[in-house]
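To start, the structure under review is shown below, and the notes come after it.
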Amino acid sequence: MKNRMIYKKIVVSVLFLMLSSLLFAKAAVYNGEEYTLKVNYNNTVVPGDAVFVRMNFQYGKNLKKFLTESEKSAVLQLYKNKKLVDKAVFYTLNKPSKKNIPFDFLAGVPLSSWLTDGDYNLKVIFYLDDKAKEFELPLVFQDREFDSETIELNDANTAIKTDNSPERTAQIEKLNNILETAMTQDIFCLKPFVSPTTSTRYTAHFGDRRVYAYSNGKSSTSLHYGNDYGIPTGSEVRACGDGKVVMAESRISTGWSIVIEHLPGLYSLYYHLDSMDVKEGDMVKAGELIGKSGCTGLATGPHLHWEVRLNMCAVRPEFFFSNFAFSE
């Protein structure tokens, strides 16, 4: 036990020194007797975006035992000023059945649009054959400004926005149950997303600070969780990435709505549709037609609302146009 503890301290200190010297880098490598670990990550904290870490593990000459799924795991933690902000569990992208075949871990942590400047870093804790090791990854904060707007609602939209009926409550609970689900085996899309529409006309953006002015003189405030594209009713809407349709139904607030699962805890949402071309359980490819845009639910005009959720939290959709999973 004593020798194991000494080995752990040496591994952690060597790796930490290597990473801390690469403040603006997005990659690091540790070469050891038991394994080689290659790490890729985006090192900038931008409010409303996300941080993803991909780790490639290769067996070393002194690691004789093949590691089963239960013998390898990892956790990603986000810290601000030494306080834990969020965390996520890594999932294995490939499941080799033989020793010496490399395998990859991937995890992403969403970044709230309310984040402020501070000293941020990531901590990775991984377990291999009951041996716990950890290291830190430096991060750089980059601020972002969000717009504010007031949305005037007519009687019909006021009624929808203030609807507290059991039916609407059940719809919200159903969606939340889907979005909080992270099936570790559901690895459908590791490539950058594509836009769900050819339009570049935005009528609202992710993170907009909104005031809803009701027709009865009252109001409420909220965040806008996605992008709105001002497109005519009947415009084509396409899947932003490969995935599985986990919801395709009419909802009080969002009208005809589609939700697609792409990775464990990663979902894209398409609201206010006029019609749908997919059903729950369908597998879709990036760019595949899934429906037509409309003006259903709470909408002040024809448009597509496109939203992306990671571990329940809304993330700026354009972030996923990048190579977020560090795929070759």
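The values are calculated or read from the model by the stated rules, or taken from the named source; none is laboratory data. The structure displayed is predicted, hence computed values, not measured ones. For neighbour counting, all protein chains shown are included, and Cβ atoms are generated from backbone atoms with ideal geometry for every residue, glycine included. These area figures cover heavy atoms from the full protein model, side chains too; ligands, DNA and RNA do not enter into them. Shrake-Rupley method; radii C 1.70, N 1.55, O 1.52, S 1.80 Å.
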In region 172-202, the residues that are assigned to a loop (DSSP other than H, G, I, E, B), polar (S, T, N, Q) and open to solvent by 60 Å² or more (accessible area, probe 1.4 Å): T184, Q185, T198, T200
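Here are A132, A107, A156, A88: which of them is over 17 Å from L310 (Cβ atoms) and in a strand (DSSP E or B)? Quick ask: steps written out before the conclusion?
Working: A107 fails: over 17 Å from L310 (Cβ atoms); A156 fails: in a strand (DSSP E or B); A88 fails: over 17 Å from L310 (Cβ atoms).
Sole residue among the options that is over 17 Å from L310 (Cβ atoms) and in a strand (DSSP E or B): A132.
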Looking only at region 115-131, and only at residues there that are under 26 Å from the mean Cα position of the chain (by Cα) and surrounded by fewer than 17 Cβ atoms within 10 Å (Cβ to Cβ), the one that is farthest from D228 (Cα to Cα): Y127
Breaking point among (1) over 22 Å from A50 (Cβ atoms); (2) not in a loop (DSSP other than H, G, I, E, B), for G297: (2)
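Among the residues of region 24-61 satisfying the criterion of being of a type in the set (S, T, N, Q) and in contact with a Phe, Trp or Tyr (Cβ under 9 Å, 6 or more places away or on another chain), which is nearest to K98 (Cα to Cα)? Steps first, answer last, please.
Pass one, region 24-61, residues of a type in the set (S, T, N, Q): 31, 36, 40, 42-44, 56, 58.
Remaining after also requiring in contact with a Phe, Trp or Tyr (Cβ under 9 Å, 6 or more places away or on another chain): 36, 40, 42-44, 56, 58.
Numbers: T36: 17, N40: 24, N42: 31, N43: 33, T44: 36, N56: 16, Q58: 12 Å.
The selected residue is Q58.
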Count of region 271-285 residues which are part of a strand (DSSP E or B) and either open to solvent by 40 Å² or more (accessible area, probe 1.4 Å) or farther than 30 Å from V89 by Cα (or both): 6
Region 266-284 residues that are small (G, A, S), paired with ones that are open to solvent by less than 40 Å² (accessible area, probe 1.4 Å) and modelled with pLDDT of 95 or more (beta carbon under 6 Å, 6 or more apart): S268/C240; S268/I260; S268/V308; S275/G291
Region 9-66 - residue that is in contact with a Pro (Cβ under 9 Å, 6 or more places away or on another chain), open to solvent by 60 Å² or more (accessible area, probe 1.4 Å) and closer than 26 Å to S113 by Cα and, of those, modelled with the lowest pLDDT: L23
Unmet criterion (only one of (1) at pLDDT 95 or above; (2) surrounded by 17 or more Cβ atoms within 10 Å (Cβ to Cβ)) for T169: (2)
Test: residue in region 143-150 that is more than 24 Å from G108 (Cα to Cα) and assigned to a loop (DSSP other than H, G, I, E, B): yes
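Among S257, S268, S253, which is the only one that is assigned to a strand (DSSP E or B) and either open to solvent by 10 Å² or more (accessible area, probe 1.4 Å) or more than 17 Å from L310 (Cα to Cα) (or both)? Before the answer, list the steps.
Working: S268 fails: either open to solvent by 10 Å² or more (accessible area, probe 1.4 Å) or more than 17 Å from L310 (Cα to Cα) (or both); S253 fails: assigned to a strand (DSSP E or B).
None of the others qualify; the one that does is S257.
Starting from residues that are of a type in the set (K, R) and not in a strand (DSSP E or B), keep the ones in region 33-85 and report whichever is nearest to D147 (Cα to Cα).
Filtering region 33-85 for residues of a type in the set (K, R) gives 38, 54, 61, 64-65, 72, 80, 82-83.
Next cut, not in a strand (DSSP E or B) only: 61, 64-65, 82.
On the way: K61: 55, K64: 56, K65: 55, K82: 30 Å.
Looking at the filtered set, the residue picked out is K82.
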Some residue of region 313-325 being buried (at least 21 other Cβ atoms within 10 Å of the Cβ), in contact with a strand residue (DSSP E or B) (Cβ under 9 Å, 6 or more places away or on another chain) and within 30 Å of D155 (Cα to Cα): yes
Region 300-328 - residue that is charged (D, E, K, R) and part of a loop (DSSP other than H, G, I, E, B) and, of those, farthest from T203 (Cα to Cα): E328
Failed criterion for C240 (all others in (1) touching a residue at least 40 places away in the same chain (Cβ under 8 Å); (2) assigned to a loop (DSSP other than H, G, I, E, B); (3) open to solvent by 40 Å² or more (accessible area, probe 1.4 Å) hold): (3)
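Filter region 203-218 for residues that are of a type in the set (F, W, Y) and not in a strand (DSSP E or B); which is most open to solvent (accessible area, probe 1.4 Å)? Give the derivation first.
From region 203-218, those of a type in the set (F, W, Y) are 206, 212, 214; that's our starting set.
Then keep just the ones that are not in a strand (DSSP E or B); that gives 206, 214.
Working: F206: 17, Y214: 33 Å².
Applying the filter and picking the extreme gives Y214.
Which one of H272, H262 is modelled with pLDDT of 95 or more and either farther than 23 Å from P166 by Cα or under 17 Å from the mean Cα position of the chain (by Cα) (or both)?
Details: H272 fails: either farther than 23 Å from P166 by Cα or under 17 Å from the mean Cα position of the chain (by Cα) (or both).
That would be H262, the only listed residue that is modelled with pLDDT of 95 or more and either farther than 23 Å from P166 by Cα or under 17 Å from the mean Cα position of the chain (by Cα) (or both).
For region 132-155: of the residues being open to solvent by 70 Å² or more (accessible area, probe 1.4 Å) and not acidic (D, E), which is nearest to N43 (Cα to Cα)?
Start the filter on region 132-155 by keeping residues that are open to solvent by 70 Å² or more (accessible area, probe 1.4 Å), which leaves 134, 142-143, 145, 147-148, 150, 152, 154-155.
From what is left, the residues that are not acidic (D, E) are 142, 148, 150, 154.
Values: Q142: 10, S148: 28, T150: 34, N154: 44 Å.
Among residues in region 132-155 that are open to solvent by 70 Å² or more (accessible area, probe 1.4 Å) and not acidic (D, E), the one nearest to N43 (Cα to Cα) is Q142.
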